[in-house]
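The values are calculated or read from the model by the stated rules, or taken from the named source; none is laboratory data. These numbers come from a predicted model, not from an experiment. Glycine gets a Cβ as well: all are built from the backbone with ideal geometry, and neighbour counts include every protein chain shown. Protein only, heavy atoms only, side chains kept; ligands, DNA and RNA dropped before computing areas. Shrake-Rupley method; radii C 1.70, N 1.55, O 1.52, S 1.80 Å.
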Amino acid sequence: MPVRPASRDTIVAAPSASSVPSVHTVPAVASVPLPVEPAVPGEPSTQAVIAWYDAHARDLPWRRPGTTPWEVLVSEVMSQQTPVARVIPAWQEWMRRWPGPAELAQAPTAEVLRVWGRLGYPRRALRLIECARSVVEQHDGVLPDDLDALLALPGVGEYTAGAVLAFAHGRRALVLDTNVRRVLARAVGGQALPAPNLNRAERERALHLLPADDATAAHWSVAVMELGALVCTAREPDCTACPWRGDCAWLAAGRPVDVHAGRRRTQAWHGTDRQARGLVMARLREAVDGRPVEAGELVACAARAGSRASGAGAPDPDQPGRALTTLLVDGLIATDDDGAIYRLP
């Protein structure tokens, strides 16, 4: 994919550790001659990390030549808080049906939600529709390559905008996802995991390590992300396979435990409202010809979410009704008769 020249540096980052952005980004730049830097404690050779990536990167469909910036954006949105194995078939089917903003802008919302399937957090699908319509109405159907214009699009935050600039346009954009934050926290900061919330020191550290030129910076960014996804993982890091191991502060310190463990929130699933909502959406997606489903049947589906994650033991009797109400408010389901039957919008 051709690399477009950058008019300025772009510094962006994921807003918090609670959102898990994509670890499956697009290396949209060709290999370029890389400088050989002097050895600095805690700082690896850029060439070593990029060489590792070139040898070990996964063959993901949105990394292949010819991938458009819009396709990169869709892959990034889908990959937030969703394993790549589930994203690949959904992304491929999505792009087959709606290869660009113009096609998605005209798509029926119900059909979009069906194709979204089990990716989770289906409001992302609605935001993609809104984003597509904005691109068509405000940018003649072409995804903009300007940071401010990208950030003005529905559903596009700092992380997604930076990923598009870096991986679709080869820009120098500081894109901090959970994987990058973890790699830098260990290798440079000597900590098992980064703090729950992104802080200024992390941004400055990542910016310091980001190569100065566009092509190398984009290559470096995807390489560090892949390193975090495949080697420097959260639970079982394979330090012996890491190109940074010789200068890793965390490894040198004996791999100390997570000092922020007490501040982290775990995301439960069984018995939660998220599970109840998911059961309702699954029933509506499978409805023959998109026919409405009676509220009682949907309430029964939501009730299967089981006991609440708090461990109280008894199911929450208000949960099924709450699931329907919040799905309706979010625009993910619709009713034409004040709640007797429901359908996808």
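What helices (runs of 4 or more DSSP H) completely inside the stretch 13-117 contain at least 2 residues that are under 16 Å from the mean Cα position of the chain (by Cα) and at pLDDT 95 or above? Reasoning before the result, please.
On the way: elements: 46-56, 69-79, 84-97, 101-105, 109-116.
Where helices (runs of 4 or more DSSP H) fall fully within the stretch 13-117 and carry at least 2 residues being under 16 Å from the mean Cα position of the chain (by Cα) and at pLDDT 95 or above, they are 69-79, 84-97.
Looking at the structure I just gave you, is residue 235 touching a residue at least 60 places away in the same chain (Cβ under 8 Å) and part of a loop (DSSP other than H, G, I, E, B)? Talk me through it step by step, then tell me what you get.
On the way: touching a residue at least 60 places away in the same chain (Cβ under 8 Å): no; part of a loop (DSSP other than H, G, I, E, B): yes.
Criteria not met by residue 235.
Residues of the stretch 178-212 being part of a loop (DSSP other than H, G, I, E, B) and in contact with a strand residue (DSSP E or B) (Cβ under 6 Å, 6 or more places away or on another chain), which ones?
Just the residues of the stretch 178-212 that are part of a loop (DSSP other than H, G, I, E, B), to begin with: 188-199, 210-212.
If the condition is that a residue be part of a loop (DSSP other than H, G, I, E, B) and in contact with a strand residue (DSSP E or B) (Cβ under 6 Å, 6 or more places away or on another chain), then 210 is the only one that fits.
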>> If I filter the stretch 305-319 down to residues being buried (at least 17 other Cβ atoms within 10 Å of the Cβ) and at pLDDT 85 or above, which single residue comes out as nearest to residue 271 (Cα to Cα)?
In response: 305
>> Taking the conditions exactly as written (touching a Leu at 6+ places or on another chain (Cβ under 6 Å), surrounded by 11 or more Cβ atoms within 10 Å (Cβ to Cβ) and either at negative phi or touching a residue at least 24 places away in the same chain (Cβ under 8 Å) (or both)), does residue 284 satisfy them or not?
In response: yes
> Taking only pairs six or more apart or across chains, which ones have beta-carbon atoms under 8 Å, a first residue in the stretch 50-77 that is surrounded by fewer than 21 Cβ atoms within 10 Å (Cβ to Cβ), and a second residue that is among the aromatic types (Phe, Trp, Tyr)?
Replying inline: 61/91
> When the stretch 118-132 is examined, which residues are found to be within 19 Å of residue 290 (Cα to Cα) and modelled with pLDDT under 95?
Replying inline: 118
>> I'd like the full set of residues that are in contact with a helix residue (DSSP H, G or I) (Cβ under 6 Å, 6 or more places away or on another chain) and of a type in the set (Asp, Glu), limited to the stretch 140-176.
In response: 145
>> Being more than 25 Å from residue 258 (Cβ to Cβ), at pLDDT 95 or above and open to solvent by 10 Å² or more (accessible area, probe 1.4 Å) is true for just one of 238, 214. Which residue is that?
In response: 214
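Here's the yes/no breakdown for (1) open to solvent by 10 Å² or more (accessible area, probe 1.4 Å); (2) touching a Lys or Arg at 6+ places or on another chain (Cβ under 9 Å); (3) acidic (Asp, Glu); (4) over 24 Å from residue 94 (Cα atoms):
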site	(1), (2), (3), (4)
123	yes, no, no, no
135	no, no, no, no
144	yes, no, no, no
156	yes, yes, no, no
166	no, yes, no, no
>> Step by step: first the residues of the stretch 222-232, then only those that are open to solvent by 10 Å² or more (accessible area, probe 1.4 Å) and part of a helix (DSSP H, G or I), then the one that is nearest to residue 179 (Cα to Cα). Which residue is that?
In response: 229
